[in-house]
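Report on the structure given below.
The values are calculated or read from the model by the stated rules, or taken from the named source; none is laboratory data. Quick caveat, the model's predicted, so the values are computed rather than measured. In this analysis, Cβ positions are derived from the backbone assuming ideal geometry, glycine residues included, and neighbour counts consider all displayed protein chains. The accessibility values were calculated without ligands, DNA or RNA, using every heavy atom of the protein model including side chains. Shrake-Rupley method; radii C 1.70, N 1.55, O 1.52, S 1.80 Å.
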Amino acid sequence: VQLQASGGGLVQAGKSLRLACASSGLTFSHAAMSWFRQAPGKERQFVAGISRGGGDTSYADSVKGRFTISRDNAKNTVTLQMNSLKPEDTAVYFCAAAFSLAPSVAPSMYAYWGRGTLVTVSS
């Protein structure tokens with residue numbers, strides 16, 4: 001199983017980025033998918049998650065109204081649209097897959113992780 005995240009980069013505060021995670025070797029439609037992030041010196045934290053079929057989504061309070069998660073089961077991809085970025089959004093972003101109907105905020109529930117993509121937001 002491979003999860004390949006892409007789309008990170010350096011942006012100014014207030015701008016947007018779109019992250020994508022491509023999956024291979026996984027029955028993608030059987031997995032809830034989520035994005036987590038980890039800033040230097042901090043624990044990995046849940047950002048957004050989406051259920052197997054895409055009908056249910058959940059977000060961390062810190063990104064609600066700014067980030068949108070979506071998935072395309074035909075293309076085995078999950079995306080995270082990040083708008084109105086803030087310096088505190090700076091982190092390495094990871095996509096993760098869990099064999100559950102709905103996403104969990106607990107990293108321990110995820111069986112597979114991508115290698116991460118760095119997002120840096122300058123003020």
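For this structure, a couple of remarks:
- Residues of the stretch 43-67 satisfying the condition of being open to solvent by 50 Å² or more (accessible area, probe 1.4 Å), within 17 Å of E88 (Cα to Cα) and touching a residue at least 40 places away in the same chain (Cβ under 8 Å): R44
- Within the stretch 79-87, not a single residue is under 19 Å from T27 (Cα atoms) and assigned to a loop (DSSP other than H, G, I, E, B).
- Residue within the stretch 69-78 that is of a type in the set (S, T, N, Q), in a strand (DSSP E or B) and touching a Pro at 6+ places or on another chain (Cβ under 6 Å) present: no
- Among residues of the stretch 88-123, those that are in a helix (DSSP H, G or I), touching a strand residue (DSSP E or B) at 6+ places or on another chain (Cβ under 6 Å) and surrounded by fewer than 22 Cβ atoms within 10 Å (Cβ to Cβ), counted: 1
- Only one of the listed residues (S84, S70) is under 15 Å from the mean Cα position of the chain (by Cα) and open to solvent by less than 70 Å² (accessible area, probe 1.4 Å). That residue is S70.
- Any hit, the stretch 4-19, residues being assigned to a strand (DSSP E or B), free of Cβ contacts under 8 Å to residues at least 24 places away in the same chain, open to solvent by 50 Å² or more (accessible area, probe 1.4 Å) and under 16 Å from G116 (Cα atoms): no
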